[in-house]
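Report on one structure; see the data block that follows.
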Amino acid sequence: MSILFISDLHLDAAHPEGLERFTEFVAHRALDAEALYVLGDLFEAWVGDDEDDPGFMPVLDAFSRLRHAGVPCFFMHGNRDFLIGDAFATETGCRLLDEYAVVELAGEQALLTHGDLLCIDDKPYMALRAMVRDPAWQRDFLAKPLHERRALARELRERSQSETATKTDDIMDVNQHTVEETMRRFRVGTLIHGHTHRPGVHRFDLDARQVQRIVLGAWYEQGSVLSWDRGRFALETLPD
């Protein structure tokens with residue numbers, strides 16, 4: 001059985017085709033997996049665990065199927081769903097991970113992260129991240145009525161899209177020095193992340209050994225999954 005890693009699904013109740021792609025992935029791939037890791041941005045936006053939009057029920061049902069099948073599921077916050085909390089974890093059976101998590105694969109360690117912490121050259125985004133990750137900001141936000149939180153989330157998305165349109169590609173990508181320092185700190189030879197929407201495998205030398213950074217793709221048009229099976233990684237694009 002393989003271990004599966006996905007990220008940046010950006011599921012939205014207003015776009016049922018994305019929800020269907022995820023439920024089909026669970027039914028045809030994840031139910032037979034040894035484990036599933038979701039590395040953030042499962043949702044386009046998540047405004048709190050009291051979210052009651054019935055459009056999200058297929059996602060919750062899919063996680064329930066995984067739980068009943070005995071497939072462990074691990075979830076890491078992204079920049080769109082950082083408000084997922086313990087109630088969501090209890091309902092879905094997902095285990096919440098810290099912003100960096102090390103997993104052991106056949107004796108080798110790999111570091112998992114959403115990826116935004118590696119993009120330190122994007123100063124406006126890093127400032128926004130610091131604001132919305134502040135516990136006081138989150139308490140104030142979650143105290144607002146659900147409809148008001150949804151409206152604020154739309155405003156934040158529109159602001160992000162407007163700012164992104166003016167940024168160069170290199171600013172929105174990872175900082176190589178930060179990548180190397182992070183891999184040194186955790187003493188790993190493999191780093192797996194999403195966020196940048198630039199799927200690929202990047203191999204480079206670090207301290208006299210070859211290491212790799214594997215980037216997961218986004219699910220806007222096609223699914224992207226990284227599988228680990230029999231000691232090998234395979235980065236795949238799911239068929240339509």
Tell me, K123, K144 in order of fewest to most beta-carbon neighbours within 10 Å? K123, K144
Using Cα-Cα distances under 8 Å and only pairs 6 or more residues apart, what relative contact order does the stretch 28-126 have, in percent? 29
Equivalent ellipsoid dimensions for the stretch 4-108 as semi-axes, Å, which come from the Cα gyration tensor, largest first: 21, 16, 13
For a quick check: with amide H placed at 1.01 Å from N, whose amide H comes under 5 Å from L206's, ignoring anything fewer than 5 positions away on the same chain? V211
Tally Lys/Arg at +1 and Asp/Glu at -1 over every other residue whose Cβ is under 11 Å from the Cβ of V174; what's the total? -4
Name the residue, out of L111, L142, L97, whose mean-square fluctuation peaks in a Gaussian network model built on the chain with Cα pairs under 10 Å. L142
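Report the extension gain between D205 and T164 in nm, rounded to one decimal, defined as 0.36 nm multiplied by the number of residues separating them, less their alpha carbon distance.
Working: separation 41, 0.36 × 41 = 14.76 nm, distance 3.10 nm.
Between D205 and T164, full extension yields an extra 11.7 nm.
Can you bin the stretch 93-148 into rounded, prolate or oblate? Criterion: square roots of the alpha carbon gyration tensor eigenvalues sorted a ≥ b ≥ c, rounded for a/c under 1.5, prolate for a/b above b/c, oblate for the rest.
On the way: a/c = 3.71, a/b = 1.60, b/c = 2.31.
Oblate is the answer for the stretch 93-148, as a/c is 1.5 or above yet b/c matches or exceeds a/b.
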Kirkwood Rh for the chain from C-alpha pairs, in Å, is 18.5
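Could you work out the relative contact order of the stretch 3-237, using alpha carbon pairs under 8 angstrom and six or more residues apart, expressed as a whole percent? The partial results should precede the final answer.
Working: 411 pairs, mean separation 53.6, N = 235.
Relative contact order for the stretch 3-237 comes out at 23 percent.
Of the peptides 192-202, 125-135, 85-95, how do they stack up when ordered by the mean number of other Cβ atoms within 10 Å, highest first? Mind showing how you got there, number by number?
Values: 192-202: 20.2, 125-135: 12.6, 85-95: 15.3.
For the peptides 192-202, 125-135, 85-95, the packing ranking is 192-202, 85-95, 125-135.
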Which one, D50, D81, D173, has the greatest fluctuation when you compute a Gaussian network model over the chain with C-alpha springs under 10 angstrom? D50
Please report the net charge: other residues with Cβ closer than 12 Å to the Cβ of L156, K and R +1, D and E -1. +3
In nm, what is the difference between 0.36 nm times the number of residues separating R150 and Y220 and their Cα-Cα distance? 23.1 nm
Each residue of the stretch 153-166 in order: what ³J(HN,Hα) in whole Hz does its phi give by Karplus 6.51 cos²θ - 1.76 cosθ + 1.60, θ = phi - 60°, with x for Gly and Pro? 5, 5, 5, 5, 5, 5, 5, 4, 5, 5, 6, 4, 5, 9
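Report the Rg/Rh value for the stretch 133-240, based on alpha-carbon coordinates and the Kirkwood definition of Rh. The partial results should precede the final answer.
Working: Rg = 18.3 Å, Rh = 17.1 Å.
Reported Rg/Rh (Cα atoms, Kirkwood Rh): 1.07.
To the nearest 0.05, what FRET efficiency results for L142 and L105 with a Förster distance of 41 Å applied to their C-beta separation?
Details: r = 36 Å, r/R0 = 0.88.
The pair L142/L105 has a calculated efficiency of 0.70.
Quick one: net charge of A165's neighbours, Cβ under 14 Å, K/R +1, D/E -1?
On the way: positive: R157, R159, K167; negative: D122, E158, E163, D169.
Result for the local shell: -1.
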Check G78: other-chain or 5+ apart residues with amide H under 5 Å from its amide H, H built from backbone geometry? D41, L42
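Readers should treat all values here as calculations from the given coordinates under stated rules, not as data from a laboratory. Just so you know, these numbers come straight off a predicted model, no measurement behind them. Quick reminder, even Gly has a Cβ in these numbers, built from the backbone with ideal geometry, and neighbours come from all protein chains shown.
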